[in-house]
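**Student:** Following this message is one structure expressed as structure tokens.
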Amino acid sequence: MKRLDRRGAIRFINLESAKGCPLDRDTLLARFHAEEDGCLYEGAAAFAAMWRAIPLLRPLGLAARNPIVLAVLQWGYGKFLRIRPFLQRLTRRLEG
């Protein structure tokens, strides 16, 4: 996402240095979070907020404002979260 954000519209925050965040570290690590226009989003809605800031992905982010589209994305994100630990282990093995 950082490579796609050529305008620097997204401010990525390292959890190790996040100060003043209203959420605890475990909550932040459990699901993706993003803030847009003062609203805090999580899961697929957070990805959609990030997509709206990147011109190439903006149409997908705008489509996610539709409740049905967002529900499908949230469903897919939930499925991804189930396999994420496996993917993380696999990535570590491939890197090491």
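The values are calculated or read from the model by the stated rules, or taken from the named source; none is laboratory data. What you are looking at is a predicted structure, and each value in this text was computed from that prediction instead of being measured. All Cβ positions, even for glycine, are placed from backbone atoms using ideal geometry, and neighbour counts span all protein chains on display. Heads up: the accessible areas ignore ligands, DNA and RNA and are worked out on the full protein's heavy atoms, side chains in. Shrake-Rupley method; radii C 1.70, N 1.55, O 1.52, S 1.80 Å.
**Student:** Hey, got a sec? Which GluC sites (Glu not before Pro) in the chain land in a DSSP loop and have at most 12 other Cβ atoms within 10 Å?
**Tutor:** When the GluC sites (Glu not before Pro) of the chain are filtered for loop state and at most 12 Cβ neighbours within 10 Å, Glu16 remain.
**Student:** OK, next. In what order, largest first, do Leu29, Leu73 sit by accessible area if the probe radius is 1.4 Å?
**Tutor:** Details: Leu29 80, Leu73 45 Å².
Greatest to least solvent exposure: Leu29, Leu73.
**Student:** Could you give the nm distance between label points at Glu36 and Leu15, where each point is 7 Å from its Cα heading toward the beta carbon?
**Tutor:** 2.2 nm
**Student:** Quick check on the chain: helices-only [θ] at 222 nm, where DSSP H runs of length 4 and up contribute -39,500 (n - 2.57) each and the sum goes over total residues. Nearest 500, please.
**Tutor:** -16500 deg cm²/dmol
**Student:** I'd like the carbon and sulfur percentage of the solvent accessible area for the chain, probe radius 1.4 Å, heavy atoms only, ligands and nucleic acids excluded.
**Tutor:** Summing carbon and sulfur atoms, their accessible area is 58 percent of the total for the chain.
**Student:** I'd like to check one number: the per residue accessible area of the chain, probe 1.4 Å, reported in Å² as a whole number. Write down the numbers at each step before the final one.
**Tutor:** Details: 7380 Å² over 96 residues.
Averaged over the residues of the chain, the accessible area is 77 Å².
**Student:** Per Stokes-Einstein, at 25 °C and 0.890 mPa s, what whole-number D in µm² s⁻¹ belongs to the chain, with the Kirkwood radius over Cα pairs as the hydrodynamic radius?
**Tutor:** D, rounded to a whole number, is 166 µm²/s.
**Student:** To continue, here is another question. With all protein chains present and a 1.4 Å probe, how do Ile83, Ile10, Ile68, Ile54 order by accessible area, largest first?
**Tutor:** Result, largest first: Ile68, Ile83, Ile10, Ile54.
**Student:** Then there is this: Between Leu23 and Ile68, take the C-beta separation as r, use R0 = 25 Å, and let me know the FRET efficiency to the nearest 0.05.
**Tutor:** The calculated FRET efficiency here is 0.35.
**Student:** Right, another one. For the pair Phe86/Leu56, report the inter-label distance in nm, with labels modelled 7 Å from Cα in the Cβ direction.
**Tutor:** Between Phe86 and Leu56, the label points sit 2.8 nm apart.
**Student:** To continue, here is another question. Of Leu94, Ile13, Phe32, which is farthest towards the positive pole of the chain's charge dipole, taken about the Cα centre with +1 and -1 on the beta-carbons of Lys, Arg and Asp, Glu respectively?
**Tutor:** With unit charges placed on the Cβ atoms, the residue in question is Leu94.
**Student:** List, in order, the whole-Hz ³J(HN,Hα) value for each residue of region 46-62 obtained from phi through the Karplus relation with A = 6.51, B = -1.76, C = 1.60 and θ = phi - 60°; use x for Gly and Pro.
**Tutor:** Calculated HN-Hα couplings, in order: 5, 4, 4, 4, 5, 4, 5, 7, 10, x, 4, 9, 3, x, 5, x, 5 Hz.
**Student:** Say each of Arg93 and Trp75 gets a label point 7 Å from the Cα, pointing the same way as Cα to Cβ; how far apart are those two points in nm?
**Tutor:** Label-label distance for Arg93 and Trp75, simple model: 3.1 nm.
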